[in-house]
Structure formats: structure tokens, C-alpha cells
Amino acid sequence: MAETGAGPRPRRRRWVWVAGGVVGLIGVVAALLWFVWLPEYRPGLKRGERYGIDVSHHQGDIAWGRVAGDDIDFAYLKATEGGDLTDALFRANWDGAAAAGLDRGAYHFFTLCTPGEAQARHFLEVVPDDADALPPAVDLEIAGNCSDRPDNETVQSELRQFLDLIEAETRQQVTVYVGDDFERRYPVRETLDQPIWHRRILLRPDIEGWLIWQVTGSAHVEGISGDVDLDVMRAPS
């Protein structure tokens, strides 16, 4: 019986090795697609759409002329966070993007630890008054936020105060980036009548009212060292 059962075993082992090799090859191909193809990917544009990026000090010094030469038409620059933090490279990015001929806008990271009015006033103090700038934007995310978790009613109220003050001063609607983590905890998309900046990796937005689509956070753009967020903006409806 032992000899009878010994014959097929090497064949089964060979099939296991072959199957393992195929799985490994698929993994290598998938990794190559993700790390080589994805950073270079740009979706086809529809009428009225254009490519852009959003950056902060995390991208380091940026060669804005090279960015503009890589088919990038606009840039959103982190200006502020909370009630007292100013991005260290905001002014350099603000001036550099303009010098390169890009449309530029400023965004604020909204914290759950500071009243909305204080955050709005900080943003308005830091961002230059420029009638040609893109509408201001606010970034709503749980990741990277403070440890406070107010109730939904409080967050909605503080956010409304922030938006109302910014819009009264700039006379422009604020574009709202709502991270999925924020939306799950504080559902605001349906309560806000604001243009939406929607993150959906590779796939076009599946929601109404979007103005900007964040295509990926792993894009390669000339003039920037490392990954950067790639965005598509469409003409307001």
C-alpha cells in the first residue's frame, strides 16, 4: 500500500509549484501595474475638464514651471489647519503657482477641536485676497484630525459657521472635500449645498454635484519629488 500511494505524489507537488508560480507571477504583474502604471495614469478628459493637483508642505519644494509644462492647469494649495496652523510652504506655493501661469486656490483642513468661526478667520487672515483665485476649499477628514469627536449636530453647526463666514468674505461658494471616513461619522454631503471635491480612485465620481474629482493620491507630476494627488476639475454647471 505504501508503494502504491507513493507514485502520484511528485506529480501533485509539481502542480502545486506551478500553481504557486502562477499566483506569484500575477502578484508581480499587479505590483508593476500599481507602482509603475498608476503614477503615470491620467483619465481621458471630457469637454470642459482639466488636470490639476493639490499640495502641501509634504511635497517639499516644487518646480512650478515644470508642473505647468506637464499638462497641469490648476493647483490647490494647503493654507491653514485649525485655528492657528499655517502651512509652511503655502506662500511659496501660492506665488510659484501664479508665476507658472496656473490657476490657484487655497484649502483649509477643518479640525474638530476648534470652533468654525476661529478657523474661518485664520484662513481669511492667511490667504491673500485675490479675485482671480479659484474658490476656497475645505478638507473634511477624520484621518489626521484631532482626538475630539463631537456629536453630529455640533459638527454640522461649526462647519456651517465656517462656510458662511468664508463665503460672506470671499463672495464665492466653498468647495468641500469630504473623506469617506468623515462622511461615515458625520454625514454632510446630503446636507450641504456646496460644490463637492470627491475622491474616487481611477473611477469617475458616482455622485451628483461634484466639481473636482481626486483621481489618485499616487500620481507622478514633473517638478514634484514623490507622489502627489491628481485631480480633474470640470466646468461649473
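The values are calculated or read from the model by the stated rules, or taken from the named source; none is laboratory data. Worth saying up front: this structure is predicted, and the values here are computed from it rather than measured. Cβ placement follows ideal geometry from the backbone for every residue including glycine, while neighbour counts extend to all protein chains displayed. In case anyone asks, the SASA skips ligands and DNA or RNA and just uses the protein heavy atoms, side chains included. Shrake-Rupley method; radii C 1.70, N 1.55, O 1.52, S 1.80 Å.
Net charge near residue 150: determine it from the other residues with C-beta under 12 Å of the C-beta of residue 150, scoring Lys and Arg +1 and Asp and Glu -1. Walk me through the numbers before you get to the answer.
On the way: positive: 149, 185; negative: 148, 151, 153, 158.
Once positives and negatives cancel, what remains is -2.
Go ahead and run the numbers for FRET between residue 235 and residue 181, Cβ-Cβ distance against an R0 of 41 Å, rounding to 0.05. Walk me through the intermediate numbers first.
Details: r = 29 Å, r/R0 = 0.72.
Using R0 = 41 Å, I get an efficiency of 0.90.
Please say if the range 97-139 is rounded, prolate or oblate, where rounded means a/c under 1.5 for a ≥ b ≥ c the square roots of the C-alpha gyration tensor eigenvalues, and otherwise the choice is prolate for a/b larger than b/c and oblate otherwise? Numbers along the way, then the final one.
On the way: a/c = 3.21, a/b = 2.24, b/c = 1.44.
In terms of gyration-tensor shape, prolate.
Find the accessible area per residue for the range 108-189; the probe is 1.4 Å, ligands and nucleic acids are left out, and the unit is Å².
Details: 3870 Å² over 82 residues.
It amounts to 47 Å² per residue over the range 108-189.
Note down the nm distance, to one decimal, between modelled labels 7 Å out along Cα→Cβ at residue 91 and at residue 37.
Placing both labels 7 Å beyond Cα along the Cβ direction yields 4.5 nm.
Quote the charge dipole size of the range 115-237 about the Cα centre in Debye, to the nearest 20; the model charges only the Cβ of Lys and Arg (+1) and of Asp and Glu (-1).
With only Lys, Arg, Asp and Glu charged at Cβ, the dipole is about 340 debye.
Quote the FRET efficiency, to the nearest 0.05, computed for residue 160 versus residue 58 with a Förster distance R0 of 35 Å and r equal to the Cβ-Cβ distance. Write down the numbers at each step before the final one.
Details: r = 29 Å, r/R0 = 0.83.
Efficiency for this residue pair is about 0.75.
Computing the accessible area with a 1.4 Å probe over protein heavy atoms, can you report the carbon and sulfur percentage for the range 54-108?
Roughly 43 percent of what the probe reaches on the range 54-108 is carbon or sulfur.
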